[in-house]
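The next block holds one structure in the form of structure tokens; read it before the comments.
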Amino acid sequence: MSAKNPEYDFKWCPGCGDFGVRRAIEAAFQQRKAEYEKPMENNVIVAGIGCSGNMVHLIEGDQPYGVHGIHGRSLPIAMGVKMGNPDLNVMVVAGDGDFLSIGQEHIAPQAARNLNITAVVMDNAVYGLTKGQSSPTTKLDTVTSSTPFGKSEQALNPLKLYLTLGVSYLASHVSTRVKDLGTTIADAMNHKGFSIVHVQSPCTTYNNTFMELKGNLKEGIAPLAWDIPEQHDASDLEQAFEVVNQGGVPLGVIFRDSDRPELQDKVDEINSKSFERHIDSIIDSFAV
């Protein structure tokens, strides 16, 4: 329980990577608040179901608005919020199971529309809230409660998927580098279009990958996480695919297309070409 939500029992396991993501989101919101001089209530967090969904209830300090939606449907809900009030800064928080399984069908339409929101995806390669079943990013042959003899499907590469579907801003990070992650999330929120920050956020209970991400030279374990070189041109889609195809977990901005119009721009353009009809003329048209 918490002082803010005494009637609920929202919690994460000790050491969960989502704690780091929370701190990064809080820092990004504060940075945006200072930069734009708008109250915290100008921000809205939309969540689906899973450990990541608890983010709505566990943000500390100044409170944004929050919508705890349904499994896999955070993007349609976020679109409704943004279209209802384009002045709001809308953030989706999701997990790999929520966003990349039942919710995967919604990524392509929002990428095509270039909806002006930011999605922060916490990837622990497992369904943690429901006790450790395999998820789309779980590795082949991994034994879980739902795959007792090993997972039969190849692991999904979410970074390659996002680029292929046409997301106009893509960054990759880890939950342990909170300051850098916060700066990246703030940068993503400033992007005018559909931005995704995909974060490796290990589950300490069912899939603890902290050692793999960080590496351990004494144990002969090379780190999966690596810094994207400063000379990387994030505006070049071919270079973005080259980064993703190197494998591991690249840290930083992979791709940014700042020239594409976002959805609201196109909606405003269409509205400027349309004309209003009085209610009487609409009713009369049915009588003809």
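Filtered by the rule that a residue be within 29 Å of residue 111 (Cα to Cα) and either of a type in the set (Phe, Trp, Tyr) or in contact with a Gly (Cβ under 9 Å, 6 or more places away or on another chain) (or both), the range 192-212 gives 194, 199, 200, 201, 202, 203. Close Cβ contacts (under 8 Å, 6 or more residues apart or on different chains) running from residues in the range 246-266 that are β-branched (Val, Ile, Thr) and at pLDDT 95 or above to residues that are in a strand (DSSP E or B) and surrounded by fewer than 19 Cβ atoms within 10 Å (Cβ to Cβ) comprise 249/225; 249/226. The residues in the range 241-288 that are within 29 Å of residue 171 (Cα to Cα) and in a helix (DSSP H, G or I) can be counted, and the count is 11.
Restricting the range 211-222 to residues that are in a helix (DSSP H, G or I) and more than 20 Å from the chain's Cα centre (by Cα), the residue that is nearest to residue 161 (Cα to Cα) is 212.
Listed here are the residues, each with its yes/no results for (1) of a type in the set (Phe, Trp, Tyr); (2) touching a residue at least 24 places away in the same chain (Cβ under 8 Å); (3) under 17 Å from residue 202 (Cβ atoms).
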position: 112; (1), (2), (3): no, yes, no
position: 129; (1), (2), (3): no, yes, yes
position: 135; (1), (2), (3): no, yes, yes
position: 141; (1), (2), (3): no, no, no
position: 148; (1), (2), (3): no, no, no
position: 151; (1), (2), (3): no, no, no
position: 157; (1), (2), (3): no, yes, no
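For the range 24-57, the set of residues classified as surrounded by fewer than 16 Cβ atoms within 10 Å (Cβ to Cβ) and either part of a loop (DSSP other than H, G, I, E, B) or within 19 Å of the chain's Cα centre (by Cα) (or both) consists of 30, 37, 38, 39, listed by residue number.
Filtered by the rule that a residue be assigned to a helix (DSSP H, G or I) and either of a type in the set (S, T, N, Q) or surrounded by 21 or more Cβ atoms within 10 Å (Cβ to Cβ) (or both), the range 58-75 gives 74, 75. Residues of the range 223-240 that are among the small types (Gly, Ala, Ser), part of a loop (DSSP other than H, G, I, E, B) and in contact with a helix residue (DSSP H, G or I) (Cβ under 9 Å, 6 or more places away or on another chain): 234 alone.
Which of the residues belonging to the range 73-102 are more than 15 Å from residue 262 (Cα to Cα) and touching a strand residue (DSSP E or B) at 6+ places or on another chain (Cβ under 7 Å)? Within the range 73-102, 74, 75, 77, 81, 91, 92, 93, 94, 95, 96, 97, 99 meet the criteria.
Note on the range 84-104: residues that are assigned to a helix (DSSP H, G or I) and free of Cβ contacts under 8 Å to residues at least 12 places away in the same chain amount to 1. Based on what the data block shows, is residue 189 modelled with pLDDT under 95, aliphatic (A, V, I, L, M) and under 25 Å from residue 121 (Cβ atoms)? In short, no. Identify the residue in the range 89-102 that is hydrophobic (A, V, I, L, M, F, W, C) and crowded, with 19+ Cβ neighbours inside 10 Å and, among all such residues, is farthest from residue 136 (Cα to Cα). Across the range 89-102, the extreme among qualifying residues is 90. Scanning the range 105-156 for residues that are assigned to a loop (DSSP other than H, G, I, E, B), farther than 26 Å from residue 20 by Cβ and among the small types (Gly, Ala, Ser) yields 146, 150, 152.
The values are calculated or read from the model by the stated rules, or taken from the named source; none is laboratory data. Just so we're clear, the structure is a prediction, and the values are computed from it rather than from any experiment. Note that each Cβ is placed from the backbone with ideal geometry, even for glycine, and that neighbours are counted across all protein chains shown.
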